[in-house]
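Below is one structure, written out as structure tokens; the observations come after it.
Coordinate-derived values only; no laboratory data. These numbers come from a predicted model, not from an experiment. Using ideal geometry, Cβ is built from the backbone for each residue, glycine included, and neighbour counts are taken over all protein chains shown.
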Amino acid sequence: MSRRLLVLCYFFPPHGGGGVPRVLGYTRYLPDHGWDCTVVCAGAEDFWITDRSLLERVRPETEVVRVEGGSALSAWLRLRPRDRGQRSPRTFGFLRGLADWWLVPDPYVGWARRAGAAAARLMRERRFDAVLSSSPPDSVHLAALGLGRGRAPWVVDFRDPWMGLNRRTPPTAWHARRHAALEARVVAGADLVVAAARSHAEQLERATPRPRRVVHLPNGFEPAAATSAPESAPSAEPPAASSFFRIVYTGTLARVPDVDTFLDALHEMLARRPEARRRVRVVLAGPFETGYRDRAIALGLTPGIVSFEGPRPYAETRALQASADLLALWKMAGMTATVPGKLYEYLDTGRPVLALLEPADEAGELVERAGGVRVDPRDRTGVVDALDRAYLAWREHGRAPAARPAWIEDHTRAALAGRLAAELDRAVAETAVAGGPRP
């Protein structure tokens, strides 16, 4: 007989963006290992990035309970005309500043209270064998506090480290202490802690009192064939070579200062090789803060060389990755202990990767292990040189052959869901031993 997992997360289809694929992958493949899923998530219109094509990837038997409104973001989206896919850094910077002062741990805390109440009602109405909360936002873990009450194990899943202590600087010492106390309460209350980055898992393990367990469960990817539109069969042929040297980045462009570093380096490389202006094309696909486009315009890169494509359906994003002659990677400021899910997608394509990442960054180590190039983003000359070398190699030898690392196969979402199912089974067994048989 199948077991049932209660999943709490804010982001779920039709939401788009990097926060969706991890939990979507759990719910898509856990039933193959005996775990059916009920998902408590935000309203369909309560995020600024939408990808309705992802709804096709939600299993029909997955129960989805939507808790609408309650977050500062959902209130803002309802009060203004939406231009999905781009946003003003000045406006959102001001709102983030207010939220850091008044909404702890994050602007979703109001939604979390409502989601917690909805989840508690479900727990009273029926049996769940385990509870999993996945962040960010970190307030989702507060919604899950106490739901199992010793009968159903609670799994805390960190896609990223606690935001208020890593990505954003707390405005006061009181705020820092409050964030640290909330994180410690969540970690100490969990029966199992899961982290997407090995370095974060090690950090949590050092801070977690025994006998709590911490497991590294990396972000993963859907194999390219699995992301193709249902009505079209995937092609086994690699993308055709073109007359352009194509650099591709996919993902959200917000609070990423290294984008400016990349644009400045590209401008300098093109000044070094003027003929490359006719041949280099850069595609930045994903939602973006408008300041980056303004910078590209000021440098004379847009229109013509750099294009800001905005959000694209997931299958189209994967096709763009496969079309690249060079895939660019960078991360949000302050997120050194993270490994973006897009990195595994990049490596699945076998295309060359250029990562603007600081030394000892876990994601950079994976890039280098797969044969890619990592450059410290503080070394702008190094970034210019790396772009120049990649362009010259393409000009002299054409499109590089695919070089997909063999070890990437262990990071498919199906394989990772199997590992999570084994951890859930173990957690259920441990809870039964500790607390006796279920009532």
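Observations, loosely collected:
- Fraction of beta bridges assigned by DSSP in the stretch 224-397 that are antiparallel (%, nearest 5): 5
- Estimated FRET transfer efficiency (residue 45, residue 290; beta-carbon r; R0 22 Å; 0.05): 0.50
- Residue (of 375, 303, 321) at the positive-pole extreme of the stretch 224-397, dipole from beta-carbon charges: 303
- Unit charges on C-beta of K, R, D, E only; dipole of the chain, Debye: 960
- GNM result for the chain, Cα springs below 10 Å: residue of 168, 272, 57 fluctuating most strongly: 272
- Choice from 114, 126, 22 showing the highest fluctuation, given a GNM over the chain with Cα pairs closer than 10 Å: 126
- Sites excluded, GluC sites (Glu not before Pro) in DSSP loops with at most 11 other C-beta within 10 Å, longest stretch of the chain: 232-439
- Kirkwood-based shape ratio for the stretch 286-439, expressed as Rg/Rh from alpha carbons: 1.10
- Amide H contacts for residue 67 (H built 1.01 Å from N in the peptide plane; partners 5 or more residues away or on another chain; cut-off under 5 Å): 41, 42, 43.
- Between residue 277 and residue 118, full extension at 0.36 nm per residue minus the direct alpha carbon distance yields a gain of 51.7 nm.
- Of the DSSP H helices in the chain, those whose Cα atoms cover at least 27 Å axially and whose Kyte score averages -1.0 or more: 413-435
- 270, 132 arranged by Cβ crowding within 10 Å, fewest neighbours leading: 270, 132
- Farthest towards the positive end of the charge dipole of the chain, among the residues 53, 276, 363, is the Cα of 53, using unit charges on the Cβ of Lys, Arg, Asp and Glu.
- Residue-averaged [θ]222 nm for the chain, counting only DSSP H segments that reach four residues, each worth -39500 (n - 2.57): -12500 deg cm²/dmol
- Euclidean distance between Cα centres, the stretch 274-293 to the stretch 95-135, Å: 38
- Residues 178, 312, sorted so that the one with the fewest Cβ neighbours within 10 Å comes first: 178, 312
- Long-range HN-HN contacts of residue 132 with modeled amide H, under 5 Å: 6, 7, 8, 155
- Counted by neighbouring Cβ atoms within 10 Å, the residues 133, 139, 307, 242 run from fewest to most as 242, 307, 139, 133.
- Cα centroid separation, the stretch 244-263 to the stretch 367-411 (Å): 15
- The tail of the calculated P(r) for the chain, taken as Cα-Cα distances beyond 29 Å, holds 47 percent of the pairs.
- Extreme residue, positive dipole direction of the stretch 151-194, given options 189, 154, 174 (C-beta unit charges): 174
- Simple point charges give the picture: +1 on the Cβ of Lys and Arg, -1 on the Cβ of Asp and Glu, and for the stretch 224-397 a dipole about the Cα centre of about 460 debye.
- Stretch gain in nm, segment residue 181-residue 410, where the contour uses 0.36 nm per residue and the Cα spacing is subtracted: 78.9 nm
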